[in-house]
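Visitor: Dropping a structure here in C-alpha cells format, bear with me for questions.
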Amino acid sequence: MPETVPVRCPACRREHVYAAPSYPCACGAPLAPPLDRRAAPVPVAHRVWAEDWITVRCASCGRRDQWPRPELGCPCGTVLRIAVTNTPPHGTTRDAHPAPARPPFEPVAIRTARDAVTDAALYLRWLGCEDIRRADQRPPSGIGLAARGLLAQVDPAARPASLRDVECLWLTAMTDSAACAYFSLTGYADDARACADALGIPLFVLDLTGAARPVNGSAEELHATRA
C-alpha cells in the first residue's frame, strides 16, 4: 500500500490525505519517496528545477536515483510541496542484488507542462539514461533535458513540432557530441518528421496518460533497447 500522510492547505485550511506516488526502479521494484509526517507542506510560489527533484534510495537494490518531488494540488489553486525525510525506506540494503525483471514503463498522467517534462524524464530513466537534468541551453520551444550522452526536447505546445524545432535540437546535440530525442504532445509537421527520419532522430508523442509512443523507426529502435 502507498504511504499516506494528512495534509492541510495553509491557504484555505482544507484537509487532504496525500498518497505517495510510486515509480519503477531500474531493478524493477516499486519505489516511493519517504514522506515526513511531522513537517508541514510548503506552497510553491516559484518553480526552481533543482528543487523539483529529490534523491531516493531503492529499498530492494540500494540504487539512488532522482525522482519528482511529491506535490499536491489543492482545489483552491495552491500547489503544495510535500516534505520528505532524509532517511532511506525501511528495509534498505546496500548488498541486495537487483531483480532481473524489466517492468513496463509506468507513466504519470499529464495535466500540466511540468507533467510532460516529468514523464519524458521518467521514460528516459526507464530506458537506462543516467544523470538526467535540465539542459544548460534552452531550446527555441519547450524544455530541454540532458542525460549522459543524450539531449532531449520536451514540447508541450498545442501545435505540431516544426522542422526548425527538430533541426535546432539536432544542431545543439551535434555541438555537444550527443544523441538526441524529441517528445511532443501534439505530433510533428510532415517536413519535421522527414528531417528526423533522415537524421536518425527518435520522435515520440506523449499522450495524456503520459505514455511515450514512438512515431518513427529511430524511436522504435530506442524503445526496443529496453522493452
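The values are calculated or read from the model by the stated rules, or taken from the named source; none is laboratory data. Being a predicted model, the structure only gives us computed values, none of them experimental. All Cβ positions, even for glycine, are placed from backbone atoms using ideal geometry, and neighbour counts span all protein chains on display. Quick note on the areas: whole protein, heavy atoms, side chains included, nothing else; ligands and nucleic acids left out. Shrake-Rupley method; radii C 1.70, N 1.55, O 1.52, S 1.80 Å.
Visitor: How about the stretch 1-80: which GluC sites (Glu not before Pro) there lie in a loop by DSSP and see at most 16 other Cβ atoms within 10 Å?
Guide: Working: sites: GLU3, GLU15, GLU51, GLU71; in loops: GLU3.
Here the GluC sites (Glu not before Pro) that fit, given the DSSP loop and packing criteria, are GLU3.
Visitor: Any idea how far the Cα center of the stretch 193-227 sits from the one of the stretch 136-167, in Å?
Guide: 14 Å
Visitor: Suppose we keep just the DSSP beta bridges with both residues in the chain; what percent of those would be antiparallel, to 5?
Guide: Roughly 75 percent of the beta bridges in the chain run antiparallel, per DSSP.
Visitor: Please compute the length gained on full extension between HIS46 and GLU15, using 0.36 nm multiplied by the number of residues separating them and subtracting their Cα-Cα distance. Kindly include the intermediate steps, with their values, before the conclusion.
Guide: Working: separation 31, 0.36 × 31 = 11.16 nm, distance 2.32 nm.
Length gained between HIS46 and GLU15: 8.8 nm.
Visitor: Quick one: if you take sqrt(5λ) for each eigenvalue of the C-alpha gyration tensor of the stretch 157-227, what semi-axes come out, biggest first, whole angstrom?
Guide: Computed over the stretch 157-227, the values are 18, 16, 11 Å.
Visitor: Where is the GNM fluctuation largest for the chain (alpha-carbon springs, 10 angstrom cutoff): ALA158, ALA212, ALA135?
Guide: Among ALA158, ALA212, ALA135, the largest mean-square fluctuation in the Gaussian network model of the chain belongs to ALA158.
Visitor: Anyone know which of VAL205, VAL154, VAL44 comes out most mobile in the 10 Å Cα GNM of the chain?
Guide: VAL44
Visitor: Still on this structure, please answer the following. Determine the calculated [θ] at 222 nm for the chain from helices alone, applying -39500 (n - 2.57) to every DSSP H run no shorter than 4 residues and normalising by the residue count; nearest 500 deg cm²/dmol.
Guide: Details: 4 runs with 46 residues, N = 227.
So the calculated ellipticity at 222 nm is -6000 deg cm²/dmol.
Visitor: I've got another one for you. How big is the shadow of the Cα convex hull of the chain, averaged over all directions, in nm²?
Guide: 13.0 nm²
Visitor: Gain in length, ALA178 to ASP191, computed as 0.36 nm per residue apart minus the alpha-carbon separation, to one decimal in nm?
Guide: Length gained between ALA178 and ASP191: 2.4 nm.
Visitor: Of the DSSP beta bridges with both residues in the stretch 137-227, give the percent that are antiparallel, rounding to the nearest 5.
Guide: Antiparallel bridges: around 45 percent, rounded to the nearest 5.
Visitor: Provide the per-residue ³J(HN,Hα) series for the stretch 162-171, in order, calculated from phi with Karplus coefficients 6.51, -1.76, 1.60 and θ = phi - 60°, each as a whole number of Hz, with x at glycine and proline positions.
Guide: 8, 4, 4, 4, 5, 5, 5, 4, 5, 5
Visitor: Let me ask something else. Going by amide H atoms built from the backbone, whose H comes under 5 Å of the H on CYS61, apart from near neighbours?
Guide: none
Visitor: For the chain, what does the accessible surface come to per residue with a 1.4 Å probe? Please give it in Å².
Guide: 53 Å²
Visitor: Let me ask something else. Each residue of the stretch 179-187 in turn: what ³J(HN,Hα) in whole Hz from Karplus with 6.51, -1.76, 1.60 and θ = phi - 60°, glycine and Pro shown as x?
Guide: Rounded to whole hertz, the list is 6, 8, 8, 10, 10, 10, 8, 10, x.
Visitor: Would you mind telling me the share, in percent, of accessible area of the stretch 176-215 contributed by carbon and sulfur at probe 1.4 angstrom? Please list the in-between numbers first.
Guide: Working: 930 of 1720 Å².
Carbon-and-sulfur percentage of accessible area, whole number: 54.
Visitor: OK, next. Return the unpartnered cysteines for the chain, using a Cβ-Cβ cut-off of under 4.7 Å.
Guide: CYS129, CYS168, CYS180, CYS195, each lacking another Cys Cβ under 4.7 Å.
Visitor: Could you give each residue of the stretch 191-208 its phi-based ³J(HN,Hα) in whole Hz, using Karplus coefficients 6.51, -1.76, 1.60 with θ = phi - 60°, and x for Gly or Pro?
Guide: Couplings: 5, 5, 5, 4, 5, 4, 5, 5, 8, x, 8, x, 10, 10, 10, 8, 8, 5 Hz.
Visitor: Still on this structure, I have one more. Quote the charge dipole size of the chain about the Cα centre in Debye, to the nearest 20; the model charges only the Cβ of Lys and Arg (+1) and of Asp and Glu (-1).
Guide: 920 debye
Visitor: For GLN66 and ARG213, FRET efficiency with R0 = 22 Å and r from the beta-carbon atoms, rounded to 0.05?
Guide: Computed FRET efficiency for ARG213 and GLN66: 0.35.
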